[in-house]
Amino acid sequence: MSKISDILEQDTFSKADIVYLLQTKGEEKEKLFEKSREVKANHVGRKVYYRGLVEFSNICSKNCYYCGIRKANQNNERYNLTDDEILDAVRFSYENRYGSVVLQSGEISSPKFTKRITDLLKKIKEISGGELGVTISLGEQSEEVYREWHENGADRYLLRIEASDRELYHKIHPNDKTHDYGNRLKSLRQFKK
Ligand code: SF4
């Protein structure tokens with residue numbers, strides 16, 4: 001068998017395998033794409049699932065260096081959709097048979113913000129009779145807040161960690177209390193819990 005076929009038969013890949021795959025051209029690249037279509041068909045079939053992503057605000061209290069909407073960036077027109085605008089987008093998603101919606105914004109932590117999201121979650125569940133899945137992506141919050149949102153209709157939470165290596169994490173975030181590596185890990189553990 002050729003080298004590419006050998007690699008594509010594997011379940012796990014070494015760094016050298018991945019570098020090899022990323023450099024494929026011509027016939028080898030076609031084999032890679034063929035394998036990728038096969039894996040996709042086995043796992044999710046030929047259906048396409050729509051997800052309605054509502055980025056309802058770009059206002060953020062943090063300053064991650066890589067991010068265009070960080071607080072210190074003055075070259076940014078800030079916006080914050082109204083609840084009615086958000087719910088119109090949700091209605092559109094439901095009426096057009098989307099499977100789920102995602103509410104995403106910059107990170108704000110305040111009782112007013114928490115309540116706003118809780119109220120929106122309840123309304124989204126009402127609009128779809130609980131049929132629309134709801135993901136939220138609203139940054140680091142306390143365990144109580146995560147719990148409140150989950151109990152009021154959030155099915156999933158999206159929270160990335162841009163670097164799991166502590167040193168690298170501090171290179172791409174300000175090294176202060178608001179951008180604490182430990183807090184990020186804590187949040188991720190709270191979700192598992
Ligand atoms: S918390 Fe999110 S939105 Fe805010 S600056 Fe960091 S990456 Fe950007």
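Of note:
- When Val54, Val48 are checked against the criterion of being surrounded by 16 or more Cβ atoms within 10 Å (Cβ to Cβ) and within 23 Å of Gly130 (Cα to Cα), a single residue qualifies: Val54.
- Subset of the range 138-162 (residues that are assigned to a loop (DSSP other than H, G, I, E, B) and within 16 Å of the ligand (Cβ to nearest atom)): Leu138, Gly139, Glu140, Gln141, Ser142, Leu158, Leu159, Arg160, Ile161, Glu162
A quick yes/no check of all residues on (1) over 20 Å from Thr135 (Cα atoms); (2) away from the ligand (no atom under 16 Å from the Cβ); (3) surrounded by fewer than 12 Cβ atoms within 10 Å (Cβ to Cβ):
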| site | (1), (2), (3) |
| --- | --- |
| Ile4 | yes, yes, no |
| Gln10 | yes, yes, yes |
| Val19 | yes, yes, yes |
| Leu22 | yes, yes, yes |
| His43 | yes, yes, yes |
| Asn75 | yes, no, yes |
| Val90 | no, yes, no |
| Glu95 | no, yes, yes |
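- Filter result for the condition that a residue is acidic (Asp, Glu), more than 16 Å from the ligand (Cβ to nearest atom), touching a residue at least 12 places away in the same chain (Cβ under 8 Å) and assigned to a helix (DSSP H, G or I), over Glu27, Glu38, Glu85, Glu34: Glu85
- Number of positions in the range 101-137 that are outside any helix (DSSP H, G or I) and more than 16 Å from the ligand (Cβ to nearest atom): 7
Coordinate-derived values only; no laboratory data. All figures in this text were calculated on a predicted structure; none of them were measured in a lab. Quick reminder, even Gly has a Cβ in these numbers, built from the backbone with ideal geometry, and neighbours come from all protein chains shown.
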